[in-house]
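These notes concern the structure reproduced below.
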Amino acid sequence: QVSAALKEGRVTPTELCQQCLSLIKSTKFLNAYITIAEETALKQAEASEERYKRGQPLGVLDGIPIAVKDNFNTAGIETTCASNMLRGYISPYNATVVQKLLDQGAVLLGKTNLDEFAMGSGSTDGVFGPVRNPWSYSRQYKEKSVPKSHSEDKESNWVITGGSSGGSAAAVSSFTCFAALGSDTGGSTRNPAAHCGVVGLKPTYGLISRHGLIPLVNSMDVPGILTRCVDDAAVVLGSLAGHDPKDSTTIQDNFKPFELPSLTDVSKLSIGIPKEYHAPGLSGEILALWSKAADLFRNAGAKVVEVSLPHTHYSIVCYHVLCTAEVASNMARFDGLEYGHRSDMNESTESMYAATRREGFNDVVRGRILSGNYFLLKQNYEKYFVKAQKVRRLIANDFVKVFRSGVDVLLTPTTLSDAAPYKEFIKEDNRTRSAQNDILTQAANMAGLPAVNVPTALSERGLPVGLQFIGRSFQEQQLLTVAKWFEKQVQFPMIQLEEIKRHDHDVLQHEKSASFS
C-alpha cells in the first residue's frame, strides 16, 4: 500500500522517513533502537525521491523505511552487538543483506537493540538495557491488566519483547519502520515476532547470505525478516535471497522472487501436528489456540494429521552443546588487538587478552564461552560435541521422514506462553530462560528448515500469541502461501498504542494498516 502511495505521489520518501523518525523519538521509551541514523536516512530518502520524480524507482522497496538488528555490519554506522566489546566499532563494509536492501532503495533508519551478541530470548541482556514490548502500552493490554497502583502501572507492568531480535520486532510492531532484519539461531526472530504480534520469517539455511552477520553459531544462523504481514515478508525475501560469492554456504541456484497467490482451496494440503510439541510448560491457552487452528484447516478441507518427531526431546541439550561450542570458537576473534574494546592492562599479552574479554563480555557470553571450551576439550570432544552432531542428524532426519510421508507444512506453537512481565522474566538466569523459550523453535534451525510465526490472537491478558508453520527445505513459497491463508482467516487485531504523543496521531493512523506489498 505504501509502495503504491509512493509511486502515485500521495506521499514522498522524505515525508515517510520524517514520519518514521518522529515516531522513533516518540517511542524512545521502548528502547528498540541502539543507533538512529537520521542524517543518512534522510539522504537516502532524498535520493529515492529524485528517482520517483524521474519515474525510475529501483523496485518495491524504494523509499521504504527499514531497521536492522545491531549484529549486522553497516558501513559508516556503529555496529555494537549490544556489547561493550564492540561499543564504538564502525564496520568498513555492509553485510550482504543490508547492501541488497540499500541497492533496492530501502531507507535505513537505524540499528535495533538485542541481547548481547544475540545470546538470549528476552532482549534484556544487552548493555543498552532491555527492550520494552509495545503491547505493554496498548489499550488491549491496559484494559486487561489491573495494576496495584499507578506507579506500578508505569514502572513494573511492562512485558518483554522476546529475543534476541526484540528491538527489530518492537520497531515493526510500533510502526517506526515497515520491515526489519533480525537473526535467527534458535528462534531469535520467531520468538519476539510471536510476543510482539508481527510476522517473523526464518528462511531455509543457505537461502540468504550470512556475510556481514556477526556470527553466533555458523551452522544455524540465518538472517530473519520481521514485517506486519506475510506478503511483506515475501517481498523482502525476494530482495535478499540467492547466491552470494562471499558466503560459501549460500545456494548456487538463482532465486526467483515470487508473488504469493491468494489460496482459496486448501483441500489438497496436508498439515502435520507434531505430538512432541505438546511440551512441558505449554500454557492451556496456547494449546487451545493450536487445536483451534488445526480445526480451522480441517473444516476448510485440509488433511490434518498427527505426526511424530521422536528426537525432539533431545534437541535442547543437543542445541546447547553445539551452540556453546561454536560460540567459543567465534568469540575467540575478540582479543583486543584487531578491533573493538582493548583493556589498558599492559603487564603482558595474556593479561591484556584476559582483561579485555572480562571487561568486554557480560556473564552470559563468558558462560557460553566456558561451556563451549569444556565440550571441545580433547577428552570431551567425542563424548559431547560429536555425539551432539549425531543427534542433530537424527533430528533433521525426523523432519525428512515426516515430509516424505506426504505432509506439506507443520503447525506448532511458537512460544510456551504470551510475553512475561520483565520483573518475572529476570528472576531466572539466561540459560534457563533460553532453554525454556527456544524449545519450540530451535529444532527448525538444527534441521535448517524454513519457519514462520504468524500472529494469531490475543491472550486473556490482551497480549499477542503466535503460531509457527515449518516448511520443507527451500519451499518458502508454499510455506508463506499457507501462512497467508491462515493470516487472512484469523484476522489478528491491530495494536492500539496509547503512549505516542498526540502530534504523531495522524502519522500512526496513516501507517496503521500500511504494508508495502
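The values are calculated or read from the model by the stated rules, or taken from the named source; none is laboratory data. Keep in mind that this is a model prediction, so the values were computed, not measured. Neighbour counts are summed over all protein chains in view; Cβ atoms, including those assigned to glycine, are modelled from backbone coordinates with ideal geometry. Accessible surface is based on the protein model in full, side chains and every heavy atom, while ligands, DNA and RNA are left aside. Shrake-Rupley method; radii C 1.70, N 1.55, O 1.52, S 1.80 Å.
There is at least one residue in region 437-449 that is modelled with pLDDT under 95, open to solvent by 20 Å² or more (accessible area, probe 1.4 Å) and touching a helix residue (DSSP H, G or I) at 6+ places or on another chain (Cβ under 7 Å). Residues in region 267-290: is at least one in a helix (DSSP H, G or I), among the polar types (S, T, N, Q) and at pLDDT 95 or above? Taking every residue of region 267-290 in turn, none turns out to be in a helix (DSSP H, G or I), among the polar types (S, T, N, Q) and at pLDDT 95 or above. Scanning region 404-432 for residues that are under 30 Å from Phe297 (Cα atoms), open to solvent by less than 20 Å² (accessible area, probe 1.4 Å) and not in a loop (DSSP other than H, G, I, E, B) turns up Val409, Leu410, Leu411, Thr412, Pro413.
Every condition in (1) among the small types (Gly, Ala, Ser); (2) touching a residue at least 40 places away in the same chain (Cβ under 8 Å); (3) in a loop (DSSP other than H, G, I, E, B) holds for Ser248 except the one numbered (2). Looking across region 93-124 at every residue that is among the aliphatic types (A, V, I, L, M) and not in a helix (DSSP H, G or I), the one that is surrounded by the fewest Cβ atoms within 10 Å (Cβ to Cβ) is identified as Leu108.
Kindly evaluate Leu30 against the criterion of being in contact with a Lys or Arg (Cβ under 6 Å, 6 or more places away or on another chain), of a type outside the set (Val, Ile, Thr), buried (at least 23 other Cβ atoms within 10 Å of the Cβ) and in contact (Cβ under 8 Å) with a residue 12 or more places away in the chain. In short, yes.
Suppose we filter Ile395, Ile369, Ile439 for residues that are without any contact (Cβ under 8 Å) to a residue 60 or more places away in the chain and either part of a loop (DSSP other than H, G, I, E, B) or of a type outside the set (Phe, Trp, Tyr) (or both); which single one remains?
It is Ile369.
Listed by first and then second residue, the pairs linking a residue in region 306-334 that is under 12 Å from Leu376 (Cβ atoms) and of a type in the set (Val, Ile, Thr) to a residue that is open to solvent by 20 Å² or more (accessible area, probe 1.4 Å) and part of a helix (DSSP H, G or I), with Cβ atoms under 7 Å apart and 6 or more places separating them unless they lie on different chains, are Val321/Phe375; Val321/Tyr384; Val321/Phe385; Thr324/Arg368; Thr324/Ser371; Thr324/Phe375; Val327/Arg368. For region 84-92, the criterion of being of a type in the set (Val, Ile, Thr) and either within 20 Å of Arg358 (Cβ to Cβ) or buried (at least 24 other Cβ atoms within 10 Å of the Cβ) (or both) is satisfied by no residue at all.
Do the conditions hold for Val127, that is, is it open to solvent by 20 Å² or more (accessible area, probe 1.4 Å) and out of contact with any Gly (no Cβ under 9 Å at 6 or more places or on another chain)? Yes: the conditions hold for Val127.
The helices (runs of 4 or more DSSP H) found wholly in region 1-60 and carrying at least 3 residues that are within 20 Å of Arg228 (Cα to Cα) occupy 2-8, 13-26.
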